[in-house]
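Here the structure comes first, spelled out in structure tokens, and everything after it is commentary.
The values are calculated or read from the model by the stated rules, or taken from the named source; none is laboratory data. Since this is a predicted model, take the numbers as computed values, not measurements. Cβ: placed from backbone, ideal geometry, glycine included. Neighbour counts: every protein chain shown.
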């Protein structure tokens with residue numbers, strides 16, 4: 001059973017509200033219909049009601065069970081404007097525009113719904129440039145306690161169960177931070193591991209990747225950075241109570257392939273068994289995830305944002321309705337407390 005199928009089955013007992021600021025997009029409407037049909041919760045479409053109705057009719061999709069909100073006609077506007085003004089005043093946020101006008105923007109309206117618990121999770125990016133959607137998210141949503149860095153995670157699911165966690169791989173950062181510092185890499189590793197463990201109920205095996213493996217005499221700054229990040233990530237995981245096996249620096253084959261790891265004399269719980277891959281920079285992470293999707297034709301979900309208090313995703317403009325539905329399932333499951341998502345769990349995650 002796929003990760004999306006497993007999480008969907010559990011979500012039926014804990015339905016969630018997922019808000020989409022680009023509610024008139026046909027792919028969003030299709031994904032929302034599937035979310036309702038599978039009884040996973042309530043999709044909330046933000047946008048022009050008439051346009052959404054026309055698009056749904058053209059697709060022969062019922063809007064029953066789907067909530068539609070036009071920001072300019074919402075009773076929440078005044079309260080959201082006050083919230084945004086408060087964020088601007090006390091959150092050291094430089095908003096580009098009048099808060100009373102910004103709240104009419106679907107991206108800000110949707111973010112504020114999640115920030116004020118009017119929705120459980122957010123998915124944006126279907127029709128807008130990533131920077132636009134991310135700006136609203138970063139300006140309105142608080143960070144996780146003990147975490148300074150917001151990054152993104154791509155989830156790949158291969159039919160080859162020998163890779164990752166039964167075929168599921170978590171890749172980060174693939175969409176936010178171009179040149180992370182060692183401290184940021186450590187945050188990325190820890191927050192990605194935390195979410196991977198939440199979604200799979202396993203102990204994440206985290207590999208911080210590089211072009212070398214356990215270099216004893218590393219001289220290059222890029223390798224030293226990954227080595228330092230590895231040690232910081234181990235320490236931060238312990239401090240935050242996140243159970244994970246973490247190792248680095250490590251080449252991708254040594255991280256994923258037991259034979260390669262053995263051939264290179266790499267030992268440890270992560271060697272050849274990694275389920276979480278942390279890339280040294282955005283170039284390598286984004287390129288690797290795109291190549292896997294388009295060459296190997298592997299289903300991909302995300303980008304899932306990590307380091308935030310509330311679940312959010314910034315999807316690609318090229319995402320399909322299937323991709324969007326899968327991402328909706330993931331962020332909705334993220335909003336369910338792990339003790340409820342896996343109620344039979346008593347002794348911690350499985351290895």
Exercise for the section: Could you list all residues from region 319-342 that are surrounded by fewer than 18 Cβ atoms within 10 Å (Cβ to Cβ), touching a residue at least 12 places away in the same chain (Cβ under 8 Å) and not in a helix (DSSP H, G or I)? Expected result: 320, 342
Completion exercise
Checked region 127-151 for anything more than 15 Å from residue 304 (Cβ to Cβ) and crowded, with 21+ Cβ neighbours inside 10 Å; matches are 136, 140
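I'd like the residue in region 241-267 that is in a helix (DSSP H, G or I) and in contact with a helix residue (DSSP H, G or I) (Cβ under 6 Å, 6 or more places away or on another chain) and, out of all such residues, is farthest from residue 230 (Cα to Cα). Can you show your working first?
First, the residues of region 241-267 that are in a helix (DSSP H, G or I): 252-256, 258-263.
Cutting the leftovers down to in contact with a helix residue (DSSP H, G or I) (Cβ under 6 Å, 6 or more places away or on another chain) gives us 253-254, 260-261.
Values: 253: 18, 254: 16, 260: 21, 261: 18 Å.
Only one residue tops the list, namely 260.
Step by step: first the residues of region 1-12, then only those that are free of Cβ contacts under 8 Å to residues at least 60 places away in the same chain and outside any helix (DSSP H, G or I), then the one that is surrounded by the fewest Cβ atoms within 10 Å (Cβ to Cβ). Which residue is that? Step through it out loud before you land on a result.
So in region 1-12, the residues free of Cβ contacts under 8 Å to residues at least 60 places away in the same chain come out as 1, 5-6, 9, 12.
Checking the rest, the ones that are also outside any helix (DSSP H, G or I) come to 1, 12.
Numbers: 1: 9, 12: 11.
Top of the filtered list is 1.
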Exercise for the section: Among the residues of region 152-179, write down those that are surrounded by 22 or more Cβ atoms within 10 Å (Cβ to Cβ) and not in a strand (DSSP E or B). Expected result: 164, 173, 174, 175, 176
Practice task
Could you tell me whether residue 185 is assigned to a helix (DSSP H, G or I), under 30 Å from residue 274 (Cα atoms) and in contact (Cβ under 8 Å) with a residue 12 or more places away in the chain?
Solution key: yes
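Could you go through region 206-219 and let me know if any residue there is under 19 Å from the mean Cα position of the chain (by Cα) and part of a helix (DSSP H, G or I). Give the steps one after another, and end with the answer.
Taking region 206-219 as the starting set, the residues that turn out to be under 19 Å from the mean Cα position of the chain (by Cα) are 206-208.
Narrowing the set further to residues that are part of a helix (DSSP H, G or I) leaves none.
No, there is no match, as no residue in region 206-219 is under 19 Å from the mean Cα position of the chain (by Cα) and part of a helix (DSSP H, G or I).
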Problem - Check on residue 123, within 29 Å of residue 12 (Cβ to Cβ) and more than 23 Å from the chain's Cα centre (by Cα) - result: no
Practice task
Say whether the condition of being part of a loop (DSSP other than H, G, I, E, B), surrounded by 15 or more Cβ atoms within 10 Å (Cβ to Cβ), at negative phi and outside the structural domain of residue 202 (by TED's automatic domain parsing) is met by at least one residue in region 78-92.
Solution key: no
Problem - Enumeration of residues in region 180-194 that are touching a strand residue (DSSP E or B) at 6+ places or on another chain (Cβ under 9 Å) and either in the same structural domain as residue 6 (by TED's automatic domain parsing) or surrounded by fewer than 24 Cβ atoms within 10 Å (Cβ to Cβ) (or both) - result: 184, 194
Completion exercise
Contact list, first residue from region 123-135 and more than 17 Å from residue 103 (Cα to Cα), second anywhere and surrounded by 24 or more Cβ atoms within 10 Å (Cβ to Cβ) and modelled with pLDDT under 85, beta-carbon distance below 8 Å, six or more apart or interchain, is 125/133
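Conditions (1) in contact with a strand residue (DSSP E or B) (Cβ under 6 Å, 6 or more places away or on another chain); (2) closer than 30 Å to residue 224 by Cα; (3) in a loop (DSSP other than H, G, I, E, B), marked per residue:
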residue: 269; (1), (2), (3): yes, yes, yes
residue: 274; (1), (2), (3): yes, yes, yes
residue: 277; (1), (2), (3): yes, yes, no
residue: 283; (1), (2), (3): no, yes, no
residue: 291; (1), (2), (3): no, yes, no
residue: 304; (1), (2), (3): yes, yes, no
residue: 317; (1), (2), (3): no, no, yes
Problem - Matching option when the condition is at negative phi and part of a strand (DSSP E or B), among 44, 28 - result: 44
Fill in the blank from the handout: Counting only residues that are within 19 Å of residue 162 (Cβ to Cβ) and either surrounded by 24 or more Cβ atoms within 10 Å (Cβ to Cβ) or modelled with pLDDT of 95 or more (or both), region 273-291 contains a total of 5
Problem - So residue 199, is it within 23 Å of residue 312 (Cβ to Cβ), in contact with a helix residue (DSSP H, G or I) (Cβ under 7 Å, 6 or more places away or on another chain), part of a helix (DSSP H, G or I) and in the same structural domain as residue 291 (by TED's automatic domain parsing) - result: yes
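Under the condition of being assigned to a loop (DSSP other than H, G, I, E, B) and over 28 Å from the mean Cα position of the chain (by Cα), which residue from region 47-63 is surrounded by the most Cβ atoms within 10 Å (Cβ to Cβ)? Before the answer, list the steps.
At the first step, the residues of region 47-63 found to be assigned to a loop (DSSP other than H, G, I, E, B) are 47-48, 59-63.
Add one more test, that the residue is over 28 Å from the mean Cα position of the chain (by Cα), and what stays is 59-60, 62.
Numbers: 59: 14, 60: 6, 62: 12.
By that ranking, first place goes to 59.
Do we have any residue at all in region 242-263 that's surrounded by fewer than 19 Cβ atoms within 10 Å (Cβ to Cβ), over 23 Å from residue 308 (Cβ atoms) and in contact with a strand residue (DSSP E or B) (Cβ under 6 Å, 6 or more places away or on another chain)?
Step one: filter region 242-263 for residues surrounded by fewer than 19 Cβ atoms within 10 Å (Cβ to Cβ), giving 243, 252-253, 258-260, 262-263.
Right, trim to over 23 Å from residue 308 (Cβ atoms) and you get 252-253, 258-260, 262-263.
Those left that are additionally in contact with a strand residue (DSSP E or B) (Cβ under 6 Å, 6 or more places away or on another chain): 252.
The answer is yes; a qualifying residue exists.
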